[in-house]
Amino acid sequence: MELPRRTRGDELLRPGELLGLRQRLRNIARRHDLTTVIACAFDHRTRMLPFIYADTRMAPAGVRAIGGAMLDCGLSKTRIVLQQWNRHFRPSEMRLDGRIPDIFMGSSMQIHSAECEALIRDACRIDPVHRPLIIAGGPKTIYEPWDVFSGDPLDPWGADVAVTGEEYVLLSLLEVLLSLRANDESLRSTFIRARNSGMLDDIPGLVYARTDREGVAEELVDTGIQRLLGDLDELPPPVLGYQLLEPPSRKTTLGAQALPASRIRRYSPISSLVLTMGCKFVCPYCPIPAYNQRQYRVKSGQRIATEMARLGREYGLHYFFGADDNFFNNRQHTLDILETLARTEIDGAPIRRRIRWATEVTVHDTLAMREHLSLARWAGIRSLWIGVEDMTATLIKKGQSVDKTTEAFHLLQRHGINPMPMMMHHDTQPLVSRGPIPYGLLNQARLLRKAGAISLQVLMITPATGSKLYAEAFTSGLAYESVAGRRVEQYMIDANYVVASRHAQPWRKQLNIMAAYVYFYNPLRFLLALARPKSKLYLADALMQLAGMCGLLQTIRRTLGWAIRLMRGNIQRKTTVPASQIPMRGADGAPASHALPGTPLAEFVQLNVKSPAPTRAD
């Protein structure tokens, strides 16, 4: 169930539209003294390979972008709380500028949704007279906005509105609310007036509840699929978000001040940056193409160089990770970025001596850029995470093969760039295979290591929300409901756990993932990495071995019990798509854009005339 596509030609905002919105908000915001807290939900049970270290040492780009947009528009009394650093934070006890914030935002990935729900529930404990406007967002909300609302009269809680889009959608919402807000009126009261009068229905990218009872949604109104920002240079500078980070703490409350600039590098030595968005491949297990409306969006090379230089000067940040879907996707745009960075100097030195950065690409596009890999090295690239998936292209074909993958890895190593393969394990792939075709998981891990890989990511293919295969994975009985009496929880949908498989012995798949990591990360390889490193970067290979072994211990600790349950059997499978139980409709009464099959369609009332409606969304 991919996100629907907007009418062709209407997928993108007009050039300059976000810039104009930012300026209008600056003019409006000065009349309002508002405080905002943005919380990034994080479930610590997800801490294992391949995400360990980066999950807590790289402040997420999404919440930083939202916070930076608020600051850019004049709403300077804003704080960003990362549950990675502040796991005991409770919204009901938060105070900013000596008062309960006017706005509370919760952002979450799917695997962290349990913590996001807990944050919203706690915020709902605040007396309704003083309760902030609760806004939910993030990847989870983009695809499953209904999960931040409650339709149970016995369990009232929920966000006031879900933002299913990017910065432009949130800022458009704030523009409407601040334009309507009366003196000393709470922003939540303003929101309720705007909602009830239909003034939010022309902002694509929102889902809000209609209700006669506090915290219980009787129906959800979906304003449609967002329009996307085409020119990423219009975004506020990412340096702003770092000014708003809450210092790490064990307290349930907020600190008096944000994290000082001098301490940013200590807690977040890696900076994630949005460089490009979109990918030309249309893999059925991936939601990225549909999310981007089949568009490819970029920042200019000059803008990226400015951002890296400024983050280095103000916060001492020298390591960056590009939040790209496929950085080599478009040759022209890629060369613009690389050429600009290659000739950029920071404090009189070439950027490659000041900056180290990495991003994601594919085997096919790496080979297409073979003549420009030296330029990539001069531009500061030191590592590339490569979506190999399966070297034999049995699982998915993206122009890769055993020979092409090996060639691409050798080319990267020759130019001093570390290849970091990302693999997908699947039902038909054995642990070890015999014969000339390296079909087995360990066979491929061995070839990748021999070709120069210094890290390895192995995940089990799992239904991803927003992908073509998502609904079918449930209706066909592929996805698990529970195993040996234990329910599959949201934090387990990270592809580290085998939660969707038709294999007769799924526990073998779970153990295969562990075996691949043990094969790749172990003390012997660490010693070999010290003596004969695969990487031209000093100690990079050995350091990745150390990080990998630490992560491996966590992976085994967290997933071995699940493997044992899989051995015991008694697997209950899902047969229906996990759709909203709350009726949904579009703002015009049509089926909601974000509704999955099985979602009840809410009754549409306009001018007191009821229009007929089907019983479920298409």
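The values are calculated or read from the model by the stated rules, or taken from the named source; none is laboratory data. From a predicted model like this one, the values you see are computed outputs, not experimental measurements. Don't worry about glycine lacking a Cβ; one is built from the backbone with ideal geometry, like all the others, and counts go over all protein chains shown.
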*Read through the list (1) assigned to a helix (DSSP H, G or I); (2) surrounded by fewer than 20 Cβ atoms within 10 Å (Cβ to Cβ), then give the number of the only condition that residue 128 fails.*
(1)
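Inside the stretch 177-231, can you point out the residues that are under 24 Å from residue 580 (Cα atoms), part of a loop (DSSP other than H, G, I, E, B) and among the small types (Gly, Ala, Ser)? Steps first, please.
At the first step, the residues of the stretch 177-231 found to be under 24 Å from residue 580 (Cα atoms) are 191-192, 195-196, 198, 200-227.
Subsequent filtering for residues that are part of a loop (DSSP other than H, G, I, E, B) retains 198, 200-205, 211-212, 214-215, 217-218, 223-227.
Across the stretch 177-231, the qualifying residues are 198, 205, 215, 217, 224.
Test residue 152 against the stated conditions and say whether it is in contact with a strand residue (DSSP E or B) (Cβ under 9 Å, 6 or more places away or on another chain), under 24 Å from residue 598 (Cα atoms) and outside any helix (DSSP H, G or I). Show your work before the answer.
Details: in contact with a strand residue (DSSP E or B) (Cβ under 9 Å, 6 or more places away or on another chain): yes; under 24 Å from residue 598 (Cα atoms): yes; outside any helix (DSSP H, G or I): yes.
Criteria met by residue 152.
Can you confirm whether residue 67 is on the phi < 0 side of the Ramachandran plot, assigned to a helix (DSSP H, G or I) and buried (at least 21 other Cβ atoms within 10 Å of the Cβ)? Step through it out loud before you land on a result.
Values: on the phi < 0 side of the Ramachandran plot: yes; assigned to a helix (DSSP H, G or I): yes; buried (at least 21 other Cβ atoms within 10 Å of the Cβ): yes.
Answer is yes for this residue.
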*Could you check residue 15 against (1) surrounded by 15 or more Cβ atoms within 10 Å (Cβ to Cβ); (2) touching a residue at least 12 places away in the same chain (Cβ under 8 Å); (3) assigned to a loop (DSSP other than H, G, I, E, B) and say which number it fails?*
(1)
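Every residue, every condition in (1) among the polar types (S, T, N, Q); (2) outside any helix (DSSP H, G or I), yes or no:
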residue	(1), (2)
282	no, yes
285	no, yes
293	yes, yes
320	no, yes
336	no, no
339	no, no
358	no, yes
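Take the conditions modelled with pLDDT of 95 or more and in contact with a Phe, Trp or Tyr (Cβ under 7 Å, 6 or more places away or on another chain) and apply them to residue 444. Does it pass? Please lay out each step first, then the result.
Numbers: modelled with pLDDT of 95 or more: yes; in contact with a Phe, Trp or Tyr (Cβ under 7 Å, 6 or more places away or on another chain): no.
Against the criterion (modelled with pLDDT of 95 or more and in contact with a Phe, Trp or Tyr (Cβ under 7 Å, 6 or more places away or on another chain)), residue 444 does not qualify.
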*Which one is surrounded by the most Cβ atoms within 10 Å (Cβ to Cβ), of the residues in the stretch 523-538 that are assigned to a loop (DSSP other than H, G, I, E, B) and among the charged types (D, E, K, R)?*
534
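Given the options 120, 135, name the one that is in contact with a Phe, Trp or Tyr (Cβ under 7 Å, 6 or more places away or on another chain) and either among the polar types (S, T, N, Q) or at negative phi (or both). First the steps, then the outcome.
Numbers: 135 fails: in contact with a Phe, Trp or Tyr (Cβ under 7 Å, 6 or more places away or on another chain).
None of the other options fit; the residue is 120.
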*Which numbered condition residue 417 fails, given (1) within 27 Å of the chain's Cα centre (by Cα); (2) more than 30 Å from residue 537 (Cβ to Cβ)*: (2)
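Need at least 1 residues that are at pLDDT below 95 per element, so show me which strands (runs of 3 or more DSSP E) inside the stretch 539-618 make the cut, counting only ones lying wholly within it. It would help to see each step written out before you state the result.
Details: elements: 571-573, 584-586, 604-606, 609-611.
The strands (runs of 3 or more DSSP E) meeting that bar are 604-606, 609-611.
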*What are the residues in the stretch 237-261 that are of a type in the set (A, V, I, L, M) and either free of Cβ contacts under 8 Å to residues at least 60 places away in the same chain or assigned to a helix (DSSP H, G or I) (or both), if any?*
239, 240, 244, 256, 259, 261
*If only one of 264, 304, 288, 270 is more than 28 Å from residue 593 (Cβ to Cβ) and under 17 Å from the mean Cα position of the chain (by Cα), which one is it?*
270
_Any pair with Cβ under 6 angstrom, 6 or more apart, that starts in the stretch 567-579 at a residue that is in contact (Cβ under 8 Å) with a residue 12 or more places away in the chain and ends at one that is of a type in the set (S, T, N, Q)_ = 572/482; 579/599
*Return the pairs, sorted by first residue and then second, in which the second residue is basic (Lys, Arg) and at pLDDT 95 or above, the first residue lies in the stretch 182-208 and is closer than 22 Å to residue 165 by Cβ, the beta carbons are less than 7 Å apart, and the residues are 6+ apart or on different chains.*
187/181; 188/131; 190/181; 204/227; 208/195
*Quick check: is even one residue across the stretch 381-399 of a type in the set (Phe, Trp, Tyr), under 29 Å from residue 309 (Cα atoms) and in contact with an Asp or Glu (Cβ under 9 Å, 6 or more places away or on another chain)?*
yes
*Please enumerate the residues belonging to the stretch 213-271 that are crowded, with 21+ Cβ neighbours inside 10 Å, within 28 Å of residue 128 (Cα to Cα) and among the β-branched types (Val, Ile, Thr).*
221, 223
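Yes or no, residue by residue, for (1) in a helix (DSSP H, G or I); (2) modelled with pLDDT of 95 or more; (3) more than 23 Å from residue 143 (Cα to Cα):
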residue: 10; (1), (2), (3): no, yes, no
residue: 19; (1), (2), (3): yes, yes, yes
residue: 25; (1), (2), (3): yes, yes, yes
residue: 31; (1), (2), (3): no, no, yes
residue: 34; (1), (2), (3): no, yes, yes
residue: 42; (1), (2), (3): no, yes, no
residue: 51; (1), (2), (3): no, no, no
residue: 56; (1), (2), (3): yes, yes, yes
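So which of 497, 538 is within 30 Å of residue 1 (Cα to Cα) and aromatic (Phe, Trp, Tyr)?
Only one candidate passes the filter, namely 497.
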